[in-house]
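What follows is a short report on a single structure.
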Amino acid sequence: MPDSRRPQPSGSESAPAPSALVLSGARLPDGRTVDVRISEGRIEAVGTAGSLTRSSRTGERAGDRAGEATRIDLSGYLLLPAPAEPHAHTDTALTAGGNGPAPYSTGDVQRRTTEAALLHLGHGATALRAHVRVGGVHALRALEGTLQARRALGGLTELTTVAVPRLLTGAAGADGLAMLRDAVKMGAAVVGGCPDLDPDPSGYVEAVLGVAAEHGCSVDLHTEGDDPARLARLAAMAGGLRPGVSIGPCAGLSLLPRPDARRAADRLAAAGVSVVLLPQGGCAAMECDGAARPGPPVPAAAPVRLLRAAGVRVAAGSGALRDAANPVGRGDPLEAAYLLATQGGESPEAAYAAVSDRARAVMGLRPVRLEAGFPAELLAVRGESVAGALSLAYSRIVVHEGRIVARTSAVREYCDSETVASLDLPRQARQGPGREVP
């Protein structure tokens with residue numbers, strides 16, 4: 001079942017209705033230059049450049065049916081389906097460098113979640129799945145703060161919450177299991193957790209799948225995937241569960257002998273289990289009480305080509321955003337795609353699909369294509385190709401639900417010199433005679 005089964009955030013009720021929008025002169029990955037007309041949150045028409053200055057009605061300008069359309073000149077920009085972030089930890093985000101434990105009140109988590117979601121949005125991700133710790137001394141406070149942020153962010157981005165309990169088996173896990181059920185009733189759309197940190201990993205998975213079956217939830221579990229027998233049991237238990245199961249970051253698959261890794265990938269594919277990679281490294285949930293998970297260090301990411309060759313749906317996320325697991329995490333899906341292309345052996349187009357099309361599929365969201373009738377969830381990046389966008393994606397325009405919700409502009413200029421002039425590079429402006437802008 002898609003994440004959209006959740007009640008709509010109250011913030012979206014007060015969001016302004018999107019007006020008609022025309023994106024003109026945009027370049028598509030296939031090389032075409034087009035105009036795109038957007039209305040009521042959907043792509044209404046895609047035509048050759050200059051063809052949508054008027055609507056299909058003779059003599060009627062675009063936007064006359066619902067007020068004058070806003071026209072955005074995207075000359076020099078590549079237009080893409082917007083990324084989605086399938087693996088964020090907004091409750092711990094932006095806590096790196098602090099003295100002592102991070103404050104975990106409802107208000108603190110709401111503020112961090114809001115800021116983290118907007119950082120992801122500025123990079124282009126119009127949907128975000130936040131893994132939130134539940135249980136223990138913090139009970140459901142972090143989830144409450146995340147849900148409050150989700151309501152406040154309505155109309156800007158689509159935020160989904162995953163409930164992540166610490167323990168679920170034995171006497172110590174009884175409270176965690178009760179808390180997980182309460183979290184779903186409270187509004188968590190997905191159930192998850194980290195079975196690797198439970199004394200009985202298979203029992204943990206069984207408990208999560210049981211709660212998911214009770215409530216019709218998706219499942220999203222953390223695991224390193226370095227135990228083939230454990231992966232085989234997970235695949236056997238998860239097979240056939242709807243609306244779906246995803247696991248990640250599975251970097252430990254890279255440590256397995258190749259035949260064992262292939263067999264594990266085949267089992268995951270047969271069970272319909274998706275894998276969400278974290279190319280930039282781990283995340284807070286893979287730590288135990290502030291200490292790294294015991295065992296040998298794992299690579300940065302799972303073997304993406306092996307998984308995809310087996311038929312596993314592979315998406316990619318950003319993971320930690322400036323917290324204890326990664327104090328310099330950026331929360332940028334294009335960085336995740338860049339790392340898949342440079343280190344995972346993926347083509348730039350396949351790497352971008354991992355953070356857009358396949359990420360949306362893992363999250364149960366509607367697909368986005370640059371065709372009439374599809375949701376207007378779009379990212380415009382200055383450049384001419386996907387490879388160029390992953391290399392130098394500085395300037396970005398983000399469209400969510402049919403309206404522009406974020407812009408990032410970057411200007412690079414060089415000092416005046418014969419070399420700069422000969423290459424026709426942009427030069428610094430001057431203020432007054434002989435004075436350059438610093």
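Considering just Cα atoms, how many Å³ per residue does the convex hull of the chain enclose? Before the final figure, lay out the partial values.
Numbers: hull volume 78.1 nm³, N = 438.
Output value, Cα hull per residue: 178 Å³.
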Item to check | Solvent exposure ordering (accessible area, 1.4 Å, most first) of T160, T169 | outcome: T169, T160
Next on the checklist: Could you work out the relative contact order of the range 331-438? I mean the mean sequence separation of Cα pairs under 8 Å and 6+ apart, divided by the number of residues, in percent.
Outcome noted: 15
Checklist entry - For helix 228-238, what angle does its Cα long axis make with the longest principal axis of the chain, in degrees from 0 to 90 and rounded to 10? => result 80
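Find the relative contact order for the chain and round it to a whole percent, using C-alpha pairs within less than 8 Å whose residues are 6+ positions apart.
Working: 1034 pairs, mean separation 80.9, N = 438.
About 18 percent, as a whole number.
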Next on the checklist: Please list R112, R382 from largest to smallest accessible area, probe radius 1.4 Å, with all protein chains kept in place.
Outcome noted: R382, R112
Checklist entry - Roughly what would the spin-label model give for M186 and R407, points 7 Å off Cα along C-beta, in nm? => result 3.9
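So what is the 222 nm mean residue ellipticity for the chain from helices alone, if each DSSP H run of at least 4 adds -39500 (n - 2.57) and you divide by all residues, rounding to the nearest 500 deg cm²/dmol? Don't skip to the end; give the middle numbers.
Working: 13 runs with 135 residues, N = 438.
Theoretical 222 nm ellipticity from helices: -9000 deg cm²/dmol.
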Checklist outcome for this item: Computed over the chain: longest principal axis from alpha-carbon atoms vs helix 258-271 long axis, angle to nearest 10 degrees, is 80
Checklist outcome for this item: Cβ-Cβ cut-off under 11 Å around V381, Lys and Arg +1, Asp and Glu -1: the net charge is +2
Item to check | Charged-residue dipole, Cβ positions (Lys, Arg, Asp, Glu), the range 90-170 about Cα centre, Debye nearest 20 | outcome: 120
Next on the checklist: Which residue, G100, S246, I38, has the largest displacement toward the positive end of the dipole of the chain when charges sit on each Cβ (Lys, Arg +1; Asp, Glu -1)?
Outcome noted: I38
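Subtracting the Cα-Cα distance from 0.36 nm times the residue separation, let me have the gained length for D260 to F374 in nm, one decimal.
Here the segment from D260 to F374 would lengthen by 37.0 nm.
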Item to check | Charge tally in the Cβ shell below 11 Å around D332, where Lys, Arg are +1 and Asp, Glu are -1, D332 excluded | outcome: 0
Next on the checklist: Angle check, please: helix 141-152 long axis (alpha carbons) against the longest principal axis of the chain (alpha carbons), in degrees 0 to 90, nearest 10.
Outcome noted: 20
Checklist entry - So for the pair A172, A309, with labels modelled 7 Å out along Cα→Cβ, what separation do we get in nm? => result 4.0
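Using a Förster distance of 25 Å, how high is the FRET efficiency between L28 and D424, based on the Cβ-Cβ distance and rounded to 0.05?
Working: r = 26 Å, r/R0 = 1.06.
With a Förster radius of 25 Å, E is 0.40.
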Checklist outcome for this item: Of all DSSP beta bridges having both residues in the chain, the percent classed as antiparallel (nearest 5) is 45
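Taking only Cα atoms of the range 135-192, what ratio of Rg to Rh do you get with Rh as the Kirkwood inverse-distance radius? All intermediate terms of the calculation are to be shown ahead of the outcome.
Numbers: Rg = 12.3 Å, Rh = 11.9 Å.
That ratio equals 1.04.
When only Cα pairs under 8 Å and 6 or more residues apart are kept, what is the percent relative contact order across the range 74-186? Each step should come with its number before you reach the end.
Details: 182 pairs, mean separation 30.2, N = 113.
This gives 27 percent for the range 74-186.
The values are calculated or read from the model by the stated rules, or taken from the named source; none is laboratory data. What you see is a predicted model, and the numbers here were worked out from it, not measured in a lab. Every residue, glycine among them, receives a Cβ derived from its backbone with ideal geometry; neighbour counts consider all protein chains shown. When the accessible area is computed, the model is the full protein with side chains, heavy atoms only, and any ligands, DNA or RNA have been set aside. Shrake-Rupley method; radii C 1.70, N 1.55, O 1.52, S 1.80 Å.
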